[in-house]
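Following: one structure in structure tokens, then a few remarks.
The values are calculated or read from the model by the stated rules, or taken from the named source; none is laboratory data. Everything numeric here is computed off the predicted structure, so don't read it as measured data. Cβ atoms come from the backbone with ideal geometry, glycine included; neighbour counts cover every protein chain shown.
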Amino acid sequence: MMTAKRKRERKELVANLLAQDWNVFGTLKFINGRTIGRHGANKLLHQYWNKVDRTFFGNAAHRQKVRVPRWCFAHDGSDSENFHVHFALLAPIKDIDHACCILNAVWDQHHRQTAPLDKNWITPVWDRSEVASYLTREYWRLGSATLLDDLSWNGTAGETMAVFEHAQQQARIQRAASPIWLRQAQQALKEQKAHYLEKNALFVWERS
């Protein structure tokens, strides 16, 4: 049972999340979250986010610390053994759907241990309160360790990211995620959106 202290801390964390600017919710899974191990998983996650930052911002990711604003959370699943990561982020380009597809395609191609497109979940945010609650749902068990500070970043404004939407960025995106992978990611996104809308339609119907 969650202690009063952790309930209060989680409430504060949710409030802090809702005060930030983000419009994408994501889940990054592994081929086997039960055997990947935290050390191996963290290494792949660091490499992934570094690649994402370089894809969108080139050398500025390292030299000027222009990175995708993101808040990453560790989850162990219902059995406490299936490690995966959820995140909220501010899309680095105007086309939010396209940003979701790029993020999924890059993760899929990242390593033999990262999950395929249809096993991850990266979509635009429909309900910020619902997302914030979901991101922090394992706070009762993990406490502050659920927030992955070393993977998160909150130092880049949307106006700064907009400056990088040009031909060079498009070229980097094409190198990071081929058109074939992006088309497959678009299909995965379409199915995830349909699943979300169906789930919420059922929720409303059951309570009508």
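Here are some notes:
- Segments classed as helices (runs of 4 or more DSSP H), wholly inside the stretch 122-170, with at least 1 members that are at pLDDT 95 or above and either within 23 Å of residue 96 (Cβ to Cβ) or touching a helix residue (DSSP H, G or I) at 6+ places or on another chain (Cβ under 8 Å) (or both): 128-135, 158-162
- Looking across the stretch 84-126 at every residue that is touching a residue at least 60 places away in the same chain (Cβ under 8 Å) and charged (D, E, K, R), the one that is nearest to residue 155 (Cα to Cα) is identified as 94.
- Residue count for the stretch 56-75, restricted to those that are in contact (Cβ under 8 Å) with a residue 40 or more places away in the chain and either exposed (fewer than 12 other Cβ atoms within 10 Å of the Cβ) or within 16 Å of the chain's Cα centre (by Cα) (or both): 10
- Residue 102 vs. criteria in a helix (DSSP H, G or I) and in contact with a helix residue (DSSP H, G or I) (Cβ under 9 Å, 6 or more places away or on another chain): yes
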